Amino acid sequence: MNNSANKRFIEVDFPIRLVSDESEREKNIRHGHISTLHIWWARRPLASSRASVYAALTPEPKDEEERMKRSQFIGELSKWENSLNKNLIERAREAILKANNGVPPKVLDPFAGGGAIPLEALRLGCETYASDLNPVAVLIEKCTLEYPQKYGHRQENSYFGEKTTNPLLQDVKKWGYWVLEEAKREIGKFYPSEEDGSIPVGYIWARTIRCQNPECGVEIPLVRQTWLAKKDKKKVAYKIIPKGNKIDFEIKEGKEIDFDPEEGTTARAKVVCPCCGSGLSDKDNRRQFQEGKAGQRMIAVVLHHPDKKGKTYRSATDKDVEIFKEAETYLEKKRANLMAEWGFDPVPDETLPLMSGVFNVPIYGMTKWGDLFNSRQKLALITFVEKVRLAYKKMMEERYDKEYAKAVVSYLALGVDKISDYCNMLCQWRNNLETVGHLFARQALPMLWDYVEGNPITGASGTWDGAIKWINMSVYSGAIISKAHATTTQSSATSLQYPDNYFDAVITDPPYYNNVPYADLSDFFYVWLKRTIGDLYPELFATPMTPKAEEITEMAGWDPVRYSNKDKKFFEDMITKAFQEIYRVLKPEGIACIVFAHKSTEAWETIINALVASGLYLTASWPVHTEMKERLRAKESGALASSIYMICRKRVKKETAYFNEIKPEIEQRVKEKLDQFWNEGIEGADFFISAIGPAMEVFGKYENVEKPTGKKVSAKELLELVRKIVVDYALEKVLKTRIESVDVETRFYIIYRLNYGQAKVDYDDARKLAQAVGISIEDSKLIKKSGSLVSVLNADDREPGKEKSMIDVLHSCLYYQKRNDRDSITKLLKEKGYLNNNDFWQVAQALSEILPDGDKEKQMLQVFIFGRDNIIGMGKIDKGQKKLFEEE
């Protein structure tokens with residue numbers, strides 16, 4: 001069925017474990033990584049991007065020896081430390097060129113986002129094209145894939161001969177320093193140093209509300225906890241000291257800490273007054289914010305002396321508050337002047353929408369993007385915006401090339417973005433590291449009661465100086481990667497501007513259904529970029545906010561008011577159009593690699609339908625770990641650790657197949673690949689998702705798959721078959737015994753724990769899993785429903801009585817064991833016929849193996865299994881013998 005005479009390496013093999021290990025490891029790498037240029041959410045690892053580009057553009061191995069050597073080479077190629085290894089990269093480039101008759105292959109990423117995939121295509125010598133609908137993404141791509149390569153090389157003659165310099169690197173540094181000095185000159189007085197030369201690097205603030213007790217009325221500081229430094233060898237906290245209807249704070253260190261700093265005044269929006277003990281509900285709390293009655297109070301100042309190690313702390317004084325108020329007054333004047341000069345408000349006045357679970361801050365009265373910043377933060381940011389605009393003006397006066405100056409100032413604009421991420425009222429003081437945390441540690445704007453205001457004009461974390469240094473690392477590495485630059489454009493993936501049959505490969509990472517609300521999140525940066533360089537990129541910043549109508553995401557679940565039309569059907573229709581465009585621009589013998597990750601079968605139904613409708617079909621698929629498994633497991637999350645790399649070709653024959661005829665082929669292919677994935681360590685929810693690709697390799701070959709009645713087989717029906725195959729396969733692997741000897745309720749419990757651990761999952765996903773095993777979720781005693789989510793009860797959640805299934809009996813045994821009631825264990829096992837039943841003990845053993853380390857039930861099971869011989873022995877002793885035994 002493959003319309004290409006020559007298969008590619010990625011269609012027959014891929015070193016999953018090697019690439020997965022490097023992709024996970026890369027999450028901890030920052031120095032020189034493109035993630036340090038600018039935040040972009042769910043950016044693909046460079047390791048898996050580089051490996052997949054190479055494997056998709058080089059031929060299949062001739063024999064087993066070559067397969068092993070090439071797999072090892074891909075593993076080496078994917079390592080971070082080899083990303084600039086000239087010898088290795090050159091070998092990869094030569095192999096790609098040779099496979100494409102000496103011509104660099106044309107590679108497109110129509111969902112380029114943060115630029116990881118096209119950067120690796122560029123590194124490997126491809127003629128690279130990148131596009132995105134989102135203007136923030138496009139600017140990041142220009143600064144990653146275009147400007148460093150275009151402007152980062154200049155040949156200069158010197159006494160020692162010809163050498164290559166990087167003028168872009170030098171000018172970003174030069175003008176970055178100029179902007180900083182100009183900003184310091186103007187607003188430095190609002191961050192005054194101490195008499196001993198110590199510099200304030202942070203101000204700890206708490207939002208405040210009034211106690212509703214009429215006899216109290218104190219201004220309550222809303223704090224979660226009071227640690228300032230929480231390290232093994234350094235402990236500093238502030239103490240809340242009630243004094244009548246007033247509250248003071250004192251800094252305490254080491255042994256002086258005679259209180260629990262973990263205890264604050266608020267938890268989950270509920271508040272307790274430290275003075276009178278009165279409580280305020282979450283509604284009372286929110287109402288004061290919404291009515292404008294809430295305030296804020298400066299608690300402490302964080303200091304650093306340039307000649308000394310570490311940080312010191314002191315309580316905030318009236319003088320500190322007075323300086324802040326002076327900054328407030330100066331802001332009003334400067335804001336009015338800039339508004340008159342620029343014709344728009346320098347402080348973002350665009351609406352900040354409420355999006356449950358993403359943007360919660362509007363509930364507390366923050367309804368404009370500018371509301372996320374306190375007065376001094378607003379002053380700092382609009383000052384940096386102004387200085388960047390002035391830097392461009394000065395470059396023009398000094399007769400810089402216009403396009404080159406635009407490139408330089410683009411990096412300075414990204415610098416404003418970087419400090420805005422650290423310079424807002426949702427930044428946490430990271431007491432374990434004593435640094436300012438940034439806002440987008442999560443993909444959300446969650447409410448924060450107490451926050452840190454950093455000093456952006458110092459050299460500490462989250463400052464302008466640090467931002468320019470990180471940005472320049474990307475400029476440096478971008479220039480080294482390639483002298484050829486990519487073509488970057490803003491366009492929708494549903495309407496590409498390229499001719500038919502143009503690309504040798506399309507390698508892309510489309511939005512994962514409803515995982516990330518990219519457009520709404522990026523508005524945080526868009527509003528600042530528009531003010532800083534909007535006039536230089538009128539085509540990118542023409543709209544009031546980032547374009548959202550055509551963004552291919554399912555958003556009705558996030559925001560049913562603004563996005564009622566962006567439901568499952570919208571996503572499926574739009575992603576189908578995008579895949580059809582990929583089909584159109586791909587050469588007949590071209591190859592596509594589409595990366596997707598989502599734990600819901602609903603999302604996968606849309607992808608399967610879109611692929612079938614587009615004319616693309618899978619020739620291979622590979623699950624690659626792209627997230628840190630430890631982090632996911634620690635949070636008891638049902639989230640995936642893997643992304644599925646789906647390798648596609650253009651379908652050239654229009655064929656119809658009958659589902660019952662291709663079912664055996666689907667089952668054989670899925671089981672064949674599951675053997676490999678199981679051995680590669682793919683586990684949990686990832687294991688089921690990994691099986692979808694192999695099923696699609698068979699199913700997707702046909703334009704239509706029908707039942708004998710002529711009705712088309714739906715993606716939903718295919719996924720039901722896949723789930724059944726995976727469940728049976730996994731149970732056989734886990735139980736190591738006859739599946740038919742284990743009841744369906746127990747099978748469901750095992751497979752749920754294997755897939756999701758202790759996590760809650762969507763009701764529909766749990767229902768489908770139960771259906772695959774053969775039970776009804778509504779009738780199961782194991783299920784606990786909470787809203788749209790369900791969880792499965794464990795041993796600690798259950799009590800003995802009316803045991804029907806094997807898992808009921810096992811949980812009752814663990815209940816009795818916890819109470820040291822051996823008699824009840826023996827009696828129950830005898831009664832149910834499980835005392836010497838090997839299948840029962842095998843179930844207990846299987847569960848103890850699949851539950852993660854640290855799990856309470858796992859520990860209970862291990863003790864239970866360890867005592868098996870004693871339990872069986874006790875069961876063989878009759879009552880009289882037992883009495884004698886006990887008397888002795």
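The values are calculated or read from the model by the stated rules, or taken from the named source; none is laboratory data. Here the structure is a predicted model, which means the values were calculated and not measured. So basically every Cβ, Gly included, is an ideal-geometry build from the backbone, and we count neighbours across all protein chains shown. Note: areas computed on protein heavy atoms with side chains; ligands, DNA, RNA excluded. Shrake-Rupley method; radii C 1.70, N 1.55, O 1.52, S 1.80 Å.
General remarks:
- Over 24 Å apart at the Cα level, from the set LYS663/LYS712; LYS7/LYS650; LYS239/LYS856, are LYS239/LYS856.
- Solvent-accessible surface of the range 735-883, averaged per residue with a 1.4 angstrom probe and all protein chains in place: 50 square angstrom.
- Residue-wise HN-Hα coupling along the range 609-618, computed from phi with Karplus coefficients 6.51, -1.76, 1.60 (Hz; x: Gly, Pro): 4, 5, 5, 4, 5, 7, x, 8, 9, 7
- Whole-Hz couplings from phi, Karplus 6.51/-1.76/1.60, listed for the range 257-265; x for Gly and Pro: 6, 9, 9, 9, x, 6, 8, x, 10
- Whole-Hz ³J(HN,Hα) from phi, Karplus 6.51 cos²θ - 1.76 cosθ + 1.60, for the range 566-571, glycine and proline x: 8, 9, 4, 5, 4, 4
- Estimated from helices alone, the mean residue ellipticity of the chain at 222 nm is -14000 deg cm²/dmol (sum of -39500 (n - 2.57) over DSSP H runs with n ≥ 4, per residue).
- Probing with 1.4 Å while keeping every protein chain in the model, the per residue accessible area of the range 404-461 equals 24 Å².
- Counting charges near ASN85 (Lys, Arg +1; Asp, Glu -1) among other residues having Cβ under 15 Å from its Cβ returns a value of 0.
- Partners for LYS701 among aspartates and glutamates (Cα-Cα distance below 17 Å; same-chain residues under 8 apart left out): GLU11, GLU589, GLU605, GLU655, GLU661, GLU665, GLU667, GLU717
- Surface share of carbon and sulfur [accessible, 1.4 angstrom probe, percent] for the range 164-249: 48 percent
- When a 1.4 Å probe is rolled over the protein heavy atoms, the share of accessible surface on the range 735-883 that falls to carbon and sulfur comes to 46 percent.
- Basic side chains Lys and Arg get +1 at the Cβ, acidic Asp and Glu get -1 at the Cβ, and with that the dipole of the chain about its Cα centre reaches some 380 debye.
- Protection proxy ranking, highest mean first, for peptides 827-837, 486-496, 392-402: 486-496, 827-837, 392-402, where packing is the per-residue count of other beta-carbon atoms within 10 Å, averaged.
- Of the GluC sites (Glu not before Pro) found in the range 465-570, those in coil by DSSP whose Cβ has at most 11 other Cβ atoms within 10 Å are GLU539.
- Ordering PRO214, THR128, ALA695 by the projection of their Cα atoms onto the charge dipole of the chain, which places +1 on the Cβ of Lys and Arg and -1 on the Cβ of Asp and Glu, puts PRO214 at the extreme positive end.
- All lysines inside 16 Å of LYS418 as judged from Cα atoms, apart from same-chain residues fewer than 8 positions distant: LYS173, LYS378, LYS387, LYS469, LYS530
- Packing, as the average of other Cβ atoms within 10 Å across residues, places the peptides 791-802, 124-135 in the order 124-135, 791-802, highest first.
- Reported to the nearest whole Å, the Cα centre-to-centre distance from the range 320-370 to the range 390-427 is 21.
- Order by protection proxy (mean Cβ within 10 Å, highest first), peptides 270-277, 505-512: 505-512, 270-277
- Labels on offer are (i) 117.8; (ii) 46.4; (iii) 34.8, and the one holding mean projected area of the Cα convex hull in nm² computed from this structure is (ii).
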